[in-house]
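Structure, as C-alpha cells:
The values are calculated or read from the model by the stated rules, or taken from the named source; none is laboratory data. Computed from a predicted structure; not experimentally measured. Positions of Cβ are backbone-derived with ideal geometry, glycine not excepted, and every protein chain shown enters the neighbour counts. Only protein heavy atoms, including side chains, enter the accessible area calculation; ligands, DNA and RNA are left aside. Shrake-Rupley method; radii C 1.70, N 1.55, O 1.52, S 1.80 Å.
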Amino acid sequence: MSAPVDVVVIGGGQSGLAAGYHLRRLGLDFVLLDAQPTPGGAWQHAWDSLRLFSPAAYSSLPGRLMPPQPGETYPDAAHVVTYLRDYEQRYELPVVRPVRVEAVRRDGEFLRVDTDSGTWRARAVISATGTWSRPFIPAVPGRTEFRGAQLHTVEYRGPHDFAGQRVIVVGGGNSGAQIAADLAYDTHLAWVTLREPRYLADDIDGRALFDHATARRRALDEGRTDTGGVASLGDIVAVPPVRAARDAGLLKAQPMFTRLTATGVEWPDSMTTKADVIIWCTGFRPALSHLAPLALRGPRGRIPTAGTQALGEPRLHLLGYGDWTGPASATLIGVGRPAREAARAIAERLGAS
C-alpha cells in the first residue's frame, strides 16, 4: 500500500488530465491512475476517419491550446491523441499506467482505491473513467439469431473492412452519421434511426454546442426556464464528411426495424432486408462499476451529484460523464470548468479538515 495522497484521479483521458492540471496549480499531492498502457484516453481507440466537431483552438484543455492539424479544419482522433500525450508531458502530470481500478471503498478518514497494481489511500477521489468502456446495445428482438457480424462503435475502424458488403448502421447521433457517411460509398448501406435525423445548421459546431450547454446549466441553476440546451438544436453536427455524403444523397435514413432475423432485419410492414453486418452506434453508459462498494447509484444508474460532488460521499467527485457532472463535461472544451470547480472544492475541503 502506497503512502496516502490528497487526491487519486481515476482515468488518464481528457477529463483526468484536466483535473490533474488544476490539482497541480493548487499544489495538491495527487496521482492519476490510467487503465490504458499509453496516453490518449479513448481517442486512441477511435475509428480512422473520426473528426472533432470544432476547430482545434476550440477543442482545448485548460492551459494549452490544441495546435491546428495541417490541412484540416476539424482535427482527427490521431491528432487529439498527440495533443493529450504532449499535454500530459508538458505539465508533468503524475500518471501511473497501466493500472486498472477495481474498487473504491471507505476506509476511515480515507477513500481506499484498490487496483490490480496495489492499493492507494486518498483524502479525495476524482472518478474520470468516461463511458467508452461501457458500450450500449439495445435489447432488440432476434439479436442472438442473426448469423452475420455485429459490432459496436468502439469496434469500428474504417470502410476498408466492409467493402461490397450489406451493412446496416443503427443510430441517429453523431457516431451513426459519421460512420454511415464513411460507409456510404463502398458498401450497400442502410442507415437506421429511431427518428428522422436532425442535422444542426451547417455553420454550427462544437463552439456553439458548448455555449448552449453552458447557458442551459446557468438557466437551471438560476431557476429560469429550461432552454433545451444542445438537444434543442439537433442531434448531428454536419462535419465535412457527413455534409458531403448527405448532399450527395447518400445518407437516407430509414425508420427502426422491429427485429433481427438469421439473415438480416424485419421491418414493421413484415418486409425483410438481408445484411452481412450490423453496426450499433447506440451510445454508452457511464463506467462506474469501481464505485459500487460506495452504494451511491441513483435513478438511471447515475450517482446523484451537486455539480461534480457526489451527494452521498462528499470526498468523491465525478468528472466528464455528461451534463449531469458539468455542462458539456464529456467534451474537450467543456471539461475544463467542472475540473477546476472539482479541484477547488477538494482544496477547500482538505484545507478545512
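Restricting to DSSP loop positions (anything but H, G, I, E, B) with no more than 15 other Cβ atoms inside 10 Å of their own Cβ, which chymotrypsin sites (Phe, Trp or Tyr not before Pro) remain in the stretch 117-162?
Values: sites: Trp120, Trp132, Phe136, Phe146, Tyr156, Phe162; in loops: Trp132, Phe136, Phe146, Tyr156, Phe162.
Sparse-neighbourhood loop chymotrypsin sites (Phe, Trp or Tyr not before Pro): Phe136.
Close amide H pairs (under 5 Å, H built 1.01 Å from N) link Arg143 with Leu260, residues at least 5 positions away or on another chain. The alpha carbon gyration tensor of the stretch 1-86 gives principal lengths a ≥ b ≥ c with a/c of 1.5 or higher and a/b no greater than b/c, which makes the shape oblate. Taking packing as the residue-averaged number of other Cβ atoms within 10 angstrom, the listed peptides 45-58, 266-279 run from highest to lowest as 45-58, 266-279. Beta bridges from DSSP with both residues in the chain: antiparallel share about 45 percent, rounded to the nearest 5.
Over the chain, the hull volume per residue, using the convex hull of the C-alpha atoms, is 149 Å³. Once backbone amide H atoms are built at 1.01 Å from N, Gln254 has Trp191, Val192, Thr193 as its partners under 5 Å, excluding neighbours fewer than 5 places away on the same chain. Listed values for the stretch 150-167 are Karplus-derived 3J(HN,Hα) couplings in whole Hz (6.51 cos²θ - 1.76 cosθ + 1.60, θ = phi - 60°), namely 10, 9, 9, 2, 5, 9, 6, 10, x, x, 4, 7, 10, 3, x, 8, 8, 10, and x replaces Gly and Pro. Per residue, the chain exposes 45 Å² of accessible surface when a 1.4 Å probe is rolled over the protein heavy atoms with every protein chain present. Between the amide H of Phe284 and those of Phe136, distances stay under 5 Å, these residues lying 5 or more places away or on another chain, with hydrogens modeled in the peptide plane.
For the options Leu28, Leu319, Leu194, a Gaussian network treatment of the chain with springs between C-alpha atoms closer than 10 Å singles out Leu194 as fluctuating the most.
With an 8 Å cut-off on Cα pairs and a minimum separation of 6 or more residues, tell me the relative contact order of the chain in percent. Don't skip to the answer; put the middle values down first.
Details: 747 pairs, mean separation 78.7, N = 353.
After rounding, I find 22 percent.
Phi angles of the stretch 262-267 translate, via the Karplus equation with coefficients 6.51, -1.76, 1.60 and θ = phi - 60°, into HN-Hα couplings of 4, 10, x, 9, 10, 9 Hz per residue; Gly and Pro are given as x.
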